[in-house]
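The values are calculated or read from the model by the stated rules, or taken from the named source; none is laboratory data. Since the structure is predicted, the reported quantities are computational estimates derived from the model, not experimental observations. All Cβ positions, glycine included, derive from the backbone under ideal geometry; neighbour counts span all protein chains shown. Protein only, heavy atoms only, side chains kept; ligands, DNA and RNA dropped before computing areas. Shrake-Rupley method; radii C 1.70, N 1.55, O 1.52, S 1.80 Å.
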Amino acid sequence: MDDRLLPTPERLTAWRHDFHRHPETAFEEHRTAGRIAELLRQAGLEVVTGLGGGTGVVAILDGRRGPGRAIGLRADIDALDVEEANRFDHASRRPGKMHACGHDGHTTMLLGAACALAAAPDFAGRVVFIFQPAEESEGGGRVMVEEGLFERFPMEAVYGLHNWPGLAVGEAAVHDGAVMAAFDVFTLRLSGRGCHAAMPHLGSDTLLAACQLASQLQGLISRETPPHQSAVLSITQFHAGDAFNVIPETVELRGTLRCFDGELRTYLERRFRQAVEALAGFHDLKVELDYQSRYPATINAPEHAARCAGVLETLPGITRVHRDLPPSMASEDFAFMLEACPGAYIWLGNGVESAALHNPHYDFNDAIAPLGVAYWQALVKALLDD
Ligand SMILES: [Zn+2]
Ligand SMILES: [Zn+2]
């Protein structure tokens, strides 16, 4: 292999900055996917492109110690619709688009691991490197699973990671079960009879009903979710009205509901629908509800989590492995892969000073890229060592 591909810290930074300058969002990651495929081919891997709706890339590497088990390592490659506020040299060149979740770093670390392992494939079996588009809300992970990722590239386990702001550089977190929440979204339109604000008895007050509903729905969390479980419901949009003296005919609410437990999720959706229907009936309003279940919860298989933690605990540069952090109410479409194949998803500290994920000041911390590469390599050596 060309030793211009060996993942030195400088080279990882250069790759990462290039991805950061050219962010691409859901299913439009053509330049990103092209660059990934090019580097993987130069490193000598077998590369399959055009997956996951077009911009997904999978690369295969067989170990030189003969056949054996196969495992998958996954990185997400997409950016967000965020206007970058950073002014450094590698800031986004594309207005309104930004790598504000660090997927540029995830892509770089998995590329680094692929290049390093290709240079010294000292393991038995096969590694499947999965570069997945459209993580942020369009479910590229689901698309890859539905188009047959695990049938076409059989593997017995799959692993993922996310950089984690607030966790110190050198620290990692591994959960034994739920890591990230399930994610539902809803759009709710209430329509009644608009009327003069001075004569509410001649119409039906959509706004009053919507306010009552927004407040009442919180009861699903505070009174109906078992106190030892977690769920969150946020109304994030409330659109109505144009005048001081008109009760509007329609109100539109949007929001999201998140929890970890599948049964609780089904229950809350049913009760959400009942609450909306009941309140609308009382106020004599028409309801249009679009309730969508987006991502399931991301659940680690405990035995795979234990393997990841074991690898991290002996990895040079890792100072602490948290095993008891609470899961995040954010969501992750790696959940679809973990539903189809056992495995685990870890958090790697992006530093205590790091801006939050999705913040316009966020930047992936280049200092952790070599650590991520080392983790992937060590995981492969630990799991494919027979
Ligand atoms: Zn994100
Ligand atoms: Zn992310």
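Dividing the convex hull volume of the alpha carbon atoms of the stretch 102-212 by its residue count gives 214 Å³ per residue. About the centre of its Cα atoms, the chain shows a dipole size close to 160 debye [charges on the beta carbon of Lys, Arg (+1) and Asp, Glu (-1) only; nearest 20 debye]. Stretched out straight at 0.36 nm per residue, the stretch from His228 to Gln42 would grow longer than its current Cα-Cα span by 61.8 nm. Across q = 0.10, 0.12, 0.23 Å⁻¹, the stretch 35-135 modelled as identical point scatterers on its alpha-carbon atoms has Debye log10 I(q)/I(0) values of -0.32, -0.45, -1.17, in the order of the q list. The H on the amide N of Ala70, modeled in the peptide plane, is under 5 Å from the matching H of Arg126, Glu156, each at least 5 residues off or on a different chain. Taking only the alpha carbons of the chain, we obtain Rg and Dmax values of 23.5, 83 Å in that order. Per-residue SASA remark: Ser222, around 70 Å² accessible (1.4 Å probe; ligands, DNA and RNA not included).
Note the full-extension length gain between Glu303 and Arg270 as 0.36 nm times their separation in residues minus their Cα-Cα distance, in nm to one decimal. If you can, show how the numbers build up before the last one.
Working: separation 33, 0.36 × 33 = 11.88 nm, distance 3.36 nm.
Gain in length upon complete extension: 8.5 nm.
Between the listed residues Ala182, Val276, Ser204, the Cα displaced farthest toward the positive end of the dipole of the stretch 182-295, a dipole computed from Cβ unit charges relative to the Cα centre, is found at Ala182.
Could you check how much of the accessible area of the stretch 182-295 is carbon and sulfur, as a whole percent, using a 1.4 Å probe?
Details: 3230 of 6180 Å².
Here it works out to 52 percent.
Whenever you get a sec, line up Cys195, Cys211 from highest to lowest accessible area (probe 1.4 Å, protein heavy atoms).
On the way: Cys195 20, Cys211 70 Å².
Heavy-atom accessible area, descending, gives Cys211, Cys195.
Phi angles of the stretch 193-202 translate, via the Karplus equation with coefficients 6.51, -1.76, 1.60 and θ = phi - 60°, into HN-Hα couplings of 10, x, 7, 5, 4, 7, 10, x, 5, 8 Hz per residue; Gly and Pro are given as x. Evaluating 6.51 cos²θ - 1.76 cosθ + 1.60 at θ = phi - 60° for every residue in the stretch 222-227, the Karplus couplings come out as 7, 10, 10, 7, x, x Hz, glycine and proline recorded as x. Against the chain, whose longest principal axis comes from its Cα atoms, helix 30-42 is set at around 20 degrees. If you take the Cα centroid of the stretch 312-386 and the Cα centroid of the stretch 108-155, the two points sit 15 Å apart. Of Tyr345, Tyr291, Tyr267, the residue with the largest accessible area leads and the full order is Tyr267, Tyr291, Tyr345 (1.4 Å probe).
Solvent exposure of Thr8, expressed as accessible area, is near 50 Å², computed with a probe of 1.4 Å over the protein chains only.
Give me the percent of DSSP beta bridges within the chain that run antiparallel, rounded to the nearest 5. Can you show the working numbers first?
On the way: 46 of 68 bridges.
Percentage antiparallel, nearest 5: 70.
By how many degrees, between 0 and 90 and to the nearest 10, does the Cα long axis of helix 262-283 differ from the longest principal axis of the chain? It is inclined by approximately 20 degrees. Here the stretch 182-295 is treated as a Stokes sphere of Kirkwood radius computed over C-alpha pairs; at 25 °C and 0.890 mPa s its diffusion coefficient rounds to 167 µm²/s.
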